[in-house]
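Trainee: Supplied in structure tokens, the structure appears directly below.
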Amino acid sequence: MNNPFESAQKQLRDVQKLLNLDDNIVRQLMQPKRVIEVALPIRMDDGSIEVFTGYRSQFNDARGPFKGGIRFHPDVTLDEVKALSAWMTWKTAVVKIPLGGGKGGVVVDPKKLSLAELERLSRAYARALAPFIGPDVDVPAPDVSTDSRIMGWMLDEYEAVIGRKAPGVITGKPLSLGGSLVRDYATAQGAFYVIDELAKKYHLPKGTRVAIQGFGNGGSFLAKILAEAGYILVAIADSRSTVYREEGLDVDELIAHKKVTGTLKNCVGCESLPSEAVLSVPTDILVPAALENALHSGNKEGVQAKYIVELANGPVTPEADQWFFDKGVVVIPDILANAGGVTVSYYEQVQNATNFYWEESQILGMLEKTMRTAFMKVAQYQERYNTTYRMGAYALAVRRVAKAMKNRGSI
Ligand code: NAD
């Protein structure tokens, strides 16, 4: 299986060649600045103690405090967390928000925990990390299988440890605890602005077909936003199945069906296929919105889409990425396509710091401007260097990070 941290390092080496970057800078960007590993003993409901492993990787903070989500998943590894923390560093730089990059994870299958066990685990993670995070130091947020409720528990635990209020220590909180409007659908909304720019640039007509792998926070909101904007959602998958309908799926009905049955399978009027079928159905745009390495050497040839928009982090392996480039398939990279989430997290922090809360329309206006500007800037770099959008985004981001490092006199 492809090691995501090796992919992240390879991407950096590629951009070093492209920009002829100073090796003294690049060597500093090959590893996280700090990695924290914690053992989390949790009292289970049956009275036994189970010890879970948690990580936090603080990759780079030259442009501002470390920033990045916390993932609860059985396949979490230190290398995965390190890769995700590197990508966060480039992502915050692509959208030019004054933050660095970090990421956290706990090796756990949250579906196997009771609600009380989940709360105890979330609080234990926040307690163990408390000496290493803070509004000006490192600011976590939700990621795969973590949500606003978990962020609320973590905030409460952190404030209990430090003995005062500090809502800016974590983003993606419930609104009642200082969360921001728009944050719940920000990643999808940001991706929508990017897809809209893509559609303008490549003259994609109304009724362009889209297939989405992953129907969680990112994928489900994006499906809804795209359907409302006139795109045809031909296929959507979760971890158990793909649902397909050539004329277009009814996204509201799918959301309701999944809520009631817990699965996409057997929705009325659509064909149920194996989960991985979503990657090879006839479509114009394919949006991987689940986990890393979804598109790799073993399945790349089945892809029929002409455009791939990475809503997930790291869903295309470097080898598949090169293959798509050679075939003329346009890949819009994660560090641009899914940057809407961290952008609104930044707005959440600004609201926490000023203790003044903005309206939805104001946040949407700022998000739109940020995402469209980032797309255009990345496209300029892509054209200037005649390269992929990924390399264009890396060139822009690594330049910005390197400039901050140089200005700090760190080399
Ligand atoms: P989530 O846990 O809400 O949803 C994940 C979805 O992927 C679920 O529907 C799950 O069933 C599905 N899935 C898992 N494995 C699958 C497989 N093999 N095939 C098909 N579907 C599969 O997670 P999320 O928050 O939507 O995050 C998804 C991706 O987007 C991750 O890579 C995450 O890092 C990235 N991301 C999320 C945010 C955010 O704000 N939520 C922001 C930036 C990036």
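The values are calculated or read from the model by the stated rules, or taken from the named source; none is laboratory data. Model, not experiment: these values are computed from the prediction. Positions of Cβ are backbone-derived with ideal geometry, glycine not excepted, and every protein chain shown enters the neighbour counts. Areas reflect the complete protein model, heavy atoms only, side chains present, ligands, DNA and RNA absent. Shrake-Rupley method; radii C 1.70, N 1.55, O 1.52, S 1.80 Å.
Trainee: Over the stretch 32-180, what is the relative contact order in percent, taking alpha-carbon pairs closer than 8 angstrom and at least six residues apart?
Mentor: It comes to 24 percent, rounded to a whole number.
Trainee: For a quick check: with amide H placed at 1.01 Å from N, whose amide H comes under 5 Å from Gly172's, ignoring anything fewer than 5 positions away on the same chain?
Mentor: Ser180
Trainee: Determine, from the Cβ-Cβ distance of Phe325 and Arg372 and an R0 of 30 Å, the FRET efficiency 1/(1 + (r/R0)^6), rounded to the nearest 0.05. Kindly include the intermediate steps, with their values, before the conclusion.
Mentor: Numbers: r = 24 Å, r/R0 = 0.80.
Calculated transfer efficiency: 0.80.
Trainee: What part of the accessible area of the chain, given as a whole %, is carbon or sulfur when the probe is 1.4 angstrom?
Mentor: The value for the chain is 51 percent carbon and sulfur by accessible area.
Trainee: Additional query: Can you list the HN-Hα couplings for the stretch 119-126, worked out from phi with the Karplus curve (6.51, -1.76, 1.60; θ = phi - 60°), rounded to whole Hz and with x for Gly and Pro?
Mentor: 5, 4, 5, 4, 5, 5, 5, 5
Trainee: Distance check, please: which entries in Lys206/Lys327; Lys67/Lys91; Lys306/Lys327; Lys10/Lys96 exceed 19 angstrom between their Cα atoms? Please list the in-between numbers first.
Mentor: Values: Lys206/Lys327 25 Å; Lys67/Lys91 10 Å; Lys306/Lys327 9 Å; Lys10/Lys96 23 Å.
With Cα atoms farther than 19 Å apart: Lys206/Lys327; Lys10/Lys96.
Trainee: Can you give the Rg and Dmax of the stretch 262-325 based on its C-alpha atoms, in angstrom?
Mentor: Rg, Dmax (Cα atoms, Å): 12.5, 39.
Trainee: Using 0.36 nm times the number of residues separating Arg34 and Lys112, minus their current alpha carbon distance, what extension gain do you get? Each step should come with its number before you reach the end.
Mentor: Numbers: separation 78, 0.36 × 78 = 28.08 nm, distance 3.06 nm.
Once the chain is fully extended between Arg34 and Lys112, it gains 25.0 nm.
Trainee: Under a 10 Å cutoff between Cα atoms, tell me which one of Arg245, Arg209, Arg390 has the largest fluctuation in the Gaussian network model of the chain.
Mentor: Residue with maximal mean-square fluctuation among Arg245, Arg209, Arg390: Arg245.
Trainee: Just to make sure I understand: if all protein chains stay in place, what is the order of Arg123, Arg149 by accessible area at 1.4 Å, largest first?
Mentor: On the way: Arg123 50, Arg149 115 Å².
So, going from the largest accessible area down, we get Arg149, Arg123.
Trainee: Can you pull the percent of Cα pairs in the stretch 134-258 with separation above 25 Å? Please report the intermediate quantities before stating the final value.
Mentor: Numbers: 3036 of 7750 pairs.
Counting every Cα pair in the stretch 134-258, those more than 25 Å apart make up 39 percent.
Trainee: Relative to 2.2 N^0.38 Å, what does the C-alpha radius of gyration of the stretch 186-337 come to as a ratio? Two decimals please. Don't skip to the end; give the middle numbers.
Mentor: Values: Rg = 14.0 Å, N = 152, 2.2 N^0.38 = 14.8 Å.
The stretch 186-337 yields a ratio of 0.95.
Trainee: Would you tally the net charge around Thr343, using a Cβ to Cβ cut-off of less than 13 Å, leaving Thr343 out, and scoring K and R as +1, D and E as -1?
Mentor: Details: positive: Lys67, Lys91, Lys96, Arg183, Lys369, Arg372; negative: Glu348, Glu368.
Counting the neighbours of Thr343, the net charge comes to +4.
Trainee: Given C-alpha coordinates of the chain, what is the ratio Rg to Rh with the Kirkwood estimate of Rh?
Mentor: Working: Rg = 20.4 Å, Rh = 21.5 Å.
When Rh is taken as the Kirkwood radius, the ratio is 0.95.
Trainee: Can you compute the label reach from Glu228? Point 7 Å from Cα along the Cβ direction, backbone N cut-off under 14 Å, restricted to the stretch 253-282.
Mentor: Flagged as within label range: 253.
Trainee: Under 8 Å for C-alpha pairs, at least 6 residues apart: give me the relative contact order for the chain, rounded to a whole percent. Show your work: numbers first, answer last.
Mentor: Working: 839 pairs, mean separation 66.3, N = 411.
The normalised contact order for the chain reaches 16 percent.
Trainee: Also: Keeping every protein chain present and rolling a 1.4 Å probe, give me the accessible area per residue for the stretch 186-337 in Å². Intermediate results must be reported in sequence, preceding the final value.
Mentor: Values: 6050 Å² over 152 residues.
Each residue of the stretch 186-337 exposes 40 Å² on average to a 1.4 Å probe.
Trainee: Which whole-Hz couplings ³J(HN,Hα) result when phi for each residue of the stretch 100-113 is put into the Karplus expression 6.51 cos²θ - 1.76 cosθ + 1.60, θ = phi - 60°, listed in order with x for Gly and Pro?
Mentor: x, x, x, 6, x, x, 10, 7, 6, 9, x, 5, 8, 9
Trainee: Further question on the same structure: Would you mind getting the accessible area per residue of the stretch 32-180, heavy atoms of the protein chains only, 1.4 Å probe, in Å²?
Mentor: Values: 5520 Å² over 149 residues.
Here the residues of the stretch 32-180 average 37 Å² of exposed surface.
Trainee: Could I ask something else about it? Using only Cα positions of the stretch 57-193, each an equal point scatterer, no hydration layer, compute I(q)/I(0) via Debye at q = 0.19 Å⁻¹ and quote the log10 values to two decimals.
Mentor: Computed log10 I(q)/I(0) values: -1.17.
Trainee: Also: Tabulate in residue order the Karplus-calculated ³J(HN,Hα) for the stretch 310-318, using 6.51 cos²θ - 1.76 cosθ + 1.60 with θ = phi - 60°, rounded to whole Hz; enter x for Gly and Pro.
Mentor: Rounded to whole hertz, the list is 7, 7, 6, 8, x, x, 10, 6, x.
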